[in-house]
Amino acid sequence: MNPSPPVIDVTGLTKVFGHKTVVDHLDMQVGRGEIYGFLGPNGSGKTTFIRMLCGLLRPDDGQGTCLGFDVRTQAELIKPHVGYMSQKFSLYDDMTVRENLDFISRMYGVANRSAAIDRTIGRMNLGRFRDQLAGTLSGGWKQRLALSACMIHEPQLLLLDEPTAGVDPMARRDFWDEVHKLAGEGITALISTHYMDEAERCHRLAYIAYGHLLATGTVAQVVAAEGLVTYEIAGPQLYGLIDRLRGLPGVEQVVAFGITLHVSGREADVLAHSLAPYAAPPLTLRQIPSNLEEVFISLMRKAVT
């Protein structure tokens, strides 16, 4: 049996506003049922790329398909099969939960609207809020409502643009549990996020800066590809060491983590030599695995230079 074709399969996708290239020849392939994390600093082109995929913006260059439809010539055919969730809560504050879902279902021409709304409200545990004004919901419940609106027409692809910004950790965890359930049902999700713990819950990642793709793969692949070496220094009065460490050969970044410092660089031998004096009491020094945040900071600094 042949594997199913990619849900997203684009090459060289580009968008220019005036004299600024916001997305610069980006390639991406995402399979069915995959949770694909899309990371990068503010202004890196993530939102623009997502809007091109769902037909809200026309690419200036590049080609490819989303859900089997051409992203340049068949945008109107893509839209009905995509659930898009923007960074900002975009439903109506002065309408109830049920009224919002009814309005969205009418827009998509959902058959048996009442049954679809009840099913979605039940799935997202919104029953006790069905008659409450959306504007009075907490951030976490607004998030659930927004995801419900994305799902009301049973899309095959979710494009979620920083969907957990401003919500508490429990709401974020609940949200990701729901996304993984949907992935298990074969629904694909492309999710932009700034949270490293969320990125680690994705099947694969892409990291972009200034419109360019800098890294892609699983978390392990992205970390390994960067070749970053990290040491942990523990001991008293560490804050006095930070500026001193940053000036040493081979040291690219120094970050405080609780009562320790993480010191990273790509020149392993040079870094080890520079840090050797910090292995003596009262300090301790040990090499540790580099984490995703350290890798992305390194990628960002390379992009700037």
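Yes or no: GLY135 small (Gly, Ala, Ser), at pLDDT 90 or above and closer than 21 Å to LEU53 by Cα?
no
Taking the condition of being out of contact with any helix residue (DSSP H, G or I) (no Cβ under 6 Å at 6 or more places or on another chain) and either of a type in the set (Ser, Thr, Tyr) or farther than 15 Å from MET95 by Cβ (or both), how many residues in the stretch 128-142 meet it?
Qualifying residue count for the region: 4.
Given the conditions (1) assigned to a loop (DSSP other than H, G, I, E, B); (2) of a type outside the set (A, V, I, L, M, F, W, C); (3) closer than 30 Å to HIS203 by Cα, report the number of the one that PRO236 does not fulfil.
(3)
Quick grid of which residues meet (1) without any contact (Cβ under 8 Å) to a residue 24 or more places away in the chain; (2) part of a helix (DSSP H, G or I); (3) closer than 21 Å to GLU200 by Cα:
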position	(1), (2), (3)
THR230	no, no, yes
LEU261	no, no, no
PRO282	no, no, no
LEU285	no, no, no
SER290	no, no, yes
PHE296	no, yes, yes
LEU299	no, yes, yes
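Just one of (1) among the β-branched types (Val, Ile, Thr); (2) more than 30 Å from VAL219 (Cα to Cα); (3) touching a strand residue (DSSP E or B) at 6+ places or on another chain (Cβ under 7 Å) trips up VAL110, so point out which.
(3)
Are there any pairs, at least 6 apart or on different chains, whose C-beta atoms fall under 6 Å, with the first in the stretch 80-100 and part of a loop (DSSP other than H, G, I, E, B) and the second among the charged types (D, E, K, R), and if so, which?
SER86/ASP161; GLN87/ASP161; GLN87/GLU162; PHE89/LYS142
Suppose the filter is over 30 Å from ALA280 (Cα atoms), surrounded by 20 or more Cβ atoms within 10 Å (Cβ to Cβ) and either out of contact with any His (no Cβ under 7 Å at 6 or more places or on another chain) or not small (Gly, Ala, Ser) (or both); does LEU213 pass it?
Judged against the criteria, LEU213 is not a match.
Going residue by residue through the stretch 105-120, is there one that turns out to be touching a residue at least 24 places away in the same chain (Cβ under 8 Å), within 20 Å of ALA189 (Cα to Cα), crowded, with 21+ Cβ neighbours inside 10 Å and in the same structural domain as VAL82 (by TED's automatic domain parsing)?
Scanning the stretch 105-120 turns up at least one residue that is touching a residue at least 24 places away in the same chain (Cβ under 8 Å), within 20 Å of ALA189 (Cα to Cα), crowded, with 21+ Cβ neighbours inside 10 Å and in the same structural domain as VAL82 (by TED's automatic domain parsing).
Where residues in the stretch 101-149 are of a type in the set (A, V, I, L, M, F, W, C) and outside any helix (DSSP H, G or I), which of them is nearest to ARG172 (Cα to Cα)?
Only one residue fits best here, namely MET124.
Would it be correct to say that ASP24 is under 22 Å from LEU160 (Cβ atoms), in contact with a Ser or Thr (Cβ under 8 Å, 6 or more places away or on another chain) and assigned to a strand (DSSP E or B)?
In short, no.
The values are calculated or read from the model by the stated rules, or taken from the named source; none is laboratory data. Fair warning: this is a prediction, and the values are worked out from it, not measured in the lab. Reconstructed Cβ throughout: ideal geometry from the backbone, glycine too, with neighbour counts over all protein chains shown.
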